[in-house]
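Everything on this sheet refers to the single structure shown next.
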Amino acid sequence: MTTTQEAWNESGEGPKPKPMGWKELYLKEDWWAIWLGLGMMIAAILIFQGGGSGLLKALAINPGGLKWSSLGQLGAHFSQNASLYLYQFLFWLVLFGVSTAIMGVPSGQFIPAFIVLYLLSIVMFAIAGWANAAKFNLEAPLVALVLGLVVANVFRLPKWMDSAFRVEYFIKLGIVLLGATFPITLVLTAGPVAIAQATVISLVTCLVIYFVATRAFGLDRRLAAVIGVGGAVCGVSASMAIAASVNAKKEHLYTSVTLVVGWALVMILVLPFASSAMGLHPGVAGAWIGTSEFADAAGFAAASTYGHMAGNEDAAIKAFVLMKVIGRDLWIGIWSIVWAAIATIVWEKKVTGRRPDAREIWWRFPKFVIGFFAASMLMTAFTGSFSPADFNGAVRPNLLLPLVSLRTWAFIFCFLSIGLTTRFRDLQAVGWKTFWAFTIGVAVNVTLGYILSVHVFGSYWASI
Amino acid sequence: MGHTQPCCGACRFFTGAPAALERAVPGLNILSSAYGSVRGNTGLCERHDSFVTSATAACPAFADRAQRESGAPQGP
């Protein structure tokens with residue numbers, strides 16, 4: 001059968017891969033997450049400076065902190081604040097509706113689906129705001145995930161509604177907004193440790209999956225590479241990033257989707273409770289989850305859940321972000337060119353044929369991370385001039401907490417969307433050999449991640 | 001050496017639009033996205049059912065999308 005690369009092989013030279021250029025700034029959700037996140041932050045700072053923090057707090061309203069104990073109390077909250085919720089809904093609808101329309105998502109599909117998502121998010125916040133929620137482990141991420149899964153698999157939502165269930169877009173915006181409460185000094189001091197730990201994890205997990213798949217089970221090396229990076233770096237996103245490098249088949253990526261989604265859901269449920277059973281410090285658990293979960297959204301759900309359970313969400317999320325977003329996600333572009341090099345130099349051009357190009361590291365770099373750094377630097381610079389008393393008395397309640405609430409909205413949209421888009425009937429059946437190759441990698445990943453997070457760097461993560 | 005060969009991005013078998021890619025691989029949007037930066041210019045070759053980039057050199061099965069849309073004769 002003719003390969004897609006024959007012409008390339010015969011000429012010995014092919015066209016260089018081209019980036020999207022400036023179009024990426026408005027066609028990729030990473031950049032939109034930056035524009036929206038930084039835009040909200042700058043607007044919030046200007047409103048705060050202008051003395052209009054009441055507007056900011058009104059826009060960031062949510063019933064999550066209500067601690068209601070009767071439905072009457074909850075109903076009264078909504079009836080008193082109905083207009084604020086309407087304004088807030090329009091705020092999100094305009095931001096997401098316009099940006100997704102520019103990216104090519106049909107507005108006629110997005111708007112009705114987003115209405116459903118917003119209403120379900122209100123329900124989620126209301127559940128999380130129940131006075132007894134913590135007693136029954138009704139952590140918002142877990143409840144959102146389960147609620148979404150039930151709705152998607154019992155009621156069979158039409159596929160077009162996925163237009164508004166943008167898991168990755170929401171999590172990227174949430175991470176950029178998270179930068180506003182993340183001191184840049186922490187990023188700079190903790191970054192090297194996170195990158196060192198992520199390097200060990202990324203290399204070991206990818207190589208274990210690859211060699212078990214090819215040597216022990218005799219699987220296609222392209223499939224092995226695709227699921228290897230899926231387990232080692234960033235789930236399906238990483239698999240897709242190297243798919244062209246190794247000329248992967250469609251079924252290879254489809255297999256990665258099933259494996260990653262299946263194990264990610266299991267770990268969202270298991271890791272918080274395992275951390276709780278072992279009494280791990282939230283910072284240590286956050287680092288462990290950061291090394292063990294495959295996708296940012298799934299990891300955030302797990303880290304946030306354990307943070308709530310342990311009473312210190314801040315530490316769990318900070319350690320998770322350092323480990324996963326700053327440490328592991330940086331490997332996406334590197335693996336892309338490494339596998340392109342392996343495919344062309346070791347496997348021979350006939351099998352694949354895309355030449356490794358160092359610029360891919362930038363082209364495939366998850367750009368929203370830049371927004372996270374920018375938000376962190378901007379807010380650190382802005383708040384640096386306030387005295388501790390002013391910071392705690394004015395900046396925190398009037399500027400930072402509204403931004404935290406907006407961030408929480410983005411995360412709830414994300415967690416619900418994970419469940420709402422997961423239709424088990426759509427996932428491809430995976431062969432036993434492929435399943436075990438990936439699962440052995442998961443076992444190594446989780447064990448090694450535990451050793452590094454708890455025993456090697458434990459005191460470090462506990463001090464976050 | 002100049003590059004006169006057509007690229008996959010100009011082929012009618014190439015699926016590079018994010019919405020179409022998410023339809024082509026069910027579940028891709030659960031914990032990932034075809035709208036993200038990490039995808040770069042990767043797309044799906046429907047002819048060979050494999051992933052390539054829009055800048056990958058075309059194979060002999062190349063069918064010019066522009067020619068097809070204008071009603072001109074097809075490639076090999």
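The values are calculated or read from the model by the stated rules, or taken from the named source; none is laboratory data. Here the structure is a predicted model, which means the values were calculated and not measured. A quick note on method: Cβ atoms are made from the backbone with ideal geometry, for glycine too, and the neighbour counts reach across all protein chains shown.
Miscellaneous remarks
- Filtered by the rule that a residue be in a helix (DSSP H, G or I), crowded, with 18+ Cβ neighbours inside 10 Å and at pLDDT below 90, region A:358-401 gives A:360, A:363.
- Residue that is nearest to residue A:267 (Cα to Cα), among those in region A:292-338 that are of a type in the set (Ser, Thr, Tyr) and in contact (Cβ under 8 Å) with a residue 60 or more places away in the chain: A:292
- Screening the candidates A:373, A:368, A:386 for the property of being hydrophobic (A, V, I, L, M, F, W, C) and under 24 Å from residue A:165 (Cβ atoms) yields one hit, A:368.
- Residues considered: A:23, A:57, A:67. Of these, the only one that is basic (Lys, Arg), at negative phi and touching a residue at least 40 places away in the same chain (Cβ under 8 Å) is A:57.
- Residue among A:235, A:262, A:230, A:286 that alone is in contact (Cβ under 8 Å) with a residue 60 or more places away in the chain, within 14 Å of another protein chain (Cβ to nearest Cβ), more than 25 Å from residue B:40 (Cβ to Cβ) and out of contact with any strand residue (DSSP E or B) (no Cβ under 7 Å at 6 or more places or on another chain): A:262
- Scanning region A:238-259 for residues that are of a type outside the set (A, V, I, L, M, F, W, C) and free of Cβ contacts under 8 Å to residues at least 40 places away in the same chain returns A:239, A:249, A:250, A:252, A:256.
- Among (1) over 15 Å from residue A:331 (Cβ atoms); (2) surrounded by 23 or more Cβ atoms within 10 Å (Cβ to Cβ); (3) more than 14 Å from every other protein chain (Cβ to nearest Cβ) - the single one residue A:244 does not satisfy: (3)
- Residue count for region B:7-34, restricted to those that are facing chain A (nearest Cβ under 7 Å) and either among the aromatic types (Phe, Trp, Tyr) or touching a residue at least 60 places away in the same chain (Cβ under 8 Å) (or both): 0.
- No other residue among A:269, A:280 is more than 10 Å from chain B (Cβ to nearest Cβ), surrounded by fewer than 24 Cβ atoms within 10 Å (Cβ to Cβ) and either basic (Lys, Arg) or in contact (Cβ under 8 Å) with a residue 40 or more places away in the chain (or both) apart from A:269.
- For residue A:463, the criteria (1) under 26 Å from residue A:284 (Cα atoms); (2) crowded, with 18+ Cβ neighbours inside 10 Å hold in every case but one, which is (2).
- Condition met for residue A:167 (touching a Ser or Thr at 6+ places or on another chain (Cβ under 9 Å) and within 14 Å of another protein chain (Cβ to nearest Cβ)): yes
- Residue count, region A:402-424 (criterion: assigned to a helix (DSSP H, G or I), polar (S, T, N, Q) and farther than 19 Å from residue A:66 by Cα): 2
- Put simply, of A:126, A:101, A:58 the only residue that is within 14 Å of chain B (Cβ to nearest Cβ) and in contact with a helix residue (DSSP H, G or I) (Cβ under 7 Å, 6 or more places away or on another chain) is A:101.
- Listed by first and then second residue, the pairs linking a residue in region A:448-464 that is touching a residue at least 60 places away in the same chain (Cβ under 8 Å) to a residue that is β-branched (Val, Ile, Thr) and surrounded by fewer than 18 Cβ atoms within 10 Å (Cβ to Cβ), with Cβ atoms under 7 Å apart and 6 or more places separating them unless they lie on different chains, are A:448/A:204; A:452/A:200.
- Output for region B:35-61, where each listed residue is at the interface with chain A (Cβ under 7 Å from one of its Cβ atoms), surrounded by 23 or more Cβ atoms within 10 Å (Cβ to Cβ) and either of a type in the set (Gly, Ala, Ser) or not in a strand (DSSP E or B) (or both): B:35, B:36, B:37, B:38, B:39, B:40, B:50, B:56, B:57, B:58, B:59
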